[in-house]
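Quick notes on the structure that follows.
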Amino acid sequence: MRLKIIAFGQRLPDWMAAGVDDYLRRLPREYRVEVIELKPEARDRGKTVAQMLAAEAARVEDACAGGAFLKVALDERGRPWETRQLAQKLAQWRDEARDVAFILGSADGLDAALKTSAEARWSLSALTLPHGLARVVLAEQLYRAISLNAGHPYHRE
């Protein structure tokens, strides 16, 4: 199964990059994860926010090319998933031979059309998280959910 983490923003602080790398390195080999960092649209070119988000959405679509990726938009207004729900979704997508792209927006979020076209909208937290920390949380939750599906014990049981 191929997973993509498509995130706007570059040059994470070292501790955040190390956290993402640590969790993704722990995943079994059958889960191939690619992190794609996209440069946010310049905020000083006289474009409206909607125009900037539309341009960013086009770059997300380009990053999803080369495969029929199921898109999961990480959105503060999305549905909160428990770890078990994420594990179930990953198992279902794996069984359906679906590849998945998790999309983290820029400072202004994600384009409305992109959120609408995504197969799922997931809220990592009701809290406001810095984008780099959201990446760490996403990587950790992918690791935890995949570990659950592999039969590793869950700390709550």
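Brief remarks follow.
- First in the stretch 61-85 and touching a residue at least 24 places away in the same chain (Cβ under 8 Å) and over 14 Å from G105 (Cβ atoms), second anywhere and of a type in the set (V, I, T) and surrounded by 16 or more Cβ atoms within 10 Å (Cβ to Cβ), Cβ under 8 Å, 6 or more apart: C64/I6; F69/V100; L70/V100
- Qualifying positions in the stretch 107-127 - small (G, A, S) and closer than 15 Å to I5 by Cβ: A118, A120
- Residue match in the stretch 40-51 (condition: in contact (Cβ under 8 Å) with a residue 12 or more places away in the chain and under 13 Å from F8 (Cα atoms)): yes
- The one condition in (1) within 15 Å of E140 (Cα to Cα); (2) at pLDDT 95 or above that Y31 fails to fulfil: (2)
- Just so you know, in the stretch 78-108 the residues that are in contact with a strand residue (DSSP E or B) (Cβ under 7 Å, 6 or more places away or on another chain) and farther than 21 Å from E140 by Cβ include one that is surrounded by the most Cβ atoms within 10 Å (Cβ to Cβ), and it is S106.
- Answer residue from the stretch 55-111, given it is more than 18 Å from Q10 (Cα to Cα) and of a type in the set (F, W, Y) and is farthest from the chain's Cα centre (by Cα) among those: W93
- The numbered conditions (1) closer than 20 Å to Q10 by Cβ; (2) touching a residue at least 40 places away in the same chain (Cβ under 8 Å); (3) out of contact with any Leu (no Cβ under 8 Å at 6 or more places or on another chain); (4) open to solvent by 30 Å² or more (accessible area, probe 1.4 Å) are all true for H131 except (3).
- Test for R25: is it open to solvent by 50 Å² or more (accessible area, probe 1.4 Å) and without any contact (Cβ under 8 Å) to a residue 24 or more places away in the chain: yes
- Of everything in the stretch 114-126 that is assigned to a loop (DSSP other than H, G, I, E, B) and among the aliphatic types (A, V, I, L, M), the residue that is surrounded by the fewest Cβ atoms within 10 Å (Cβ to Cβ) is A126.
The values are calculated or read from the model by the stated rules, or taken from the named source; none is laboratory data. As the structure is a prediction and not an experimental result, all values here were calculated from the model. Ideal geometry is used to build each Cβ from the backbone, glycine not excepted, and the neighbour counts take in all protein chains shown. With ligands, DNA and RNA removed, areas are computed over all heavy atoms of the protein, side chains included. Shrake-Rupley method; radii C 1.70, N 1.55, O 1.52, S 1.80 Å.
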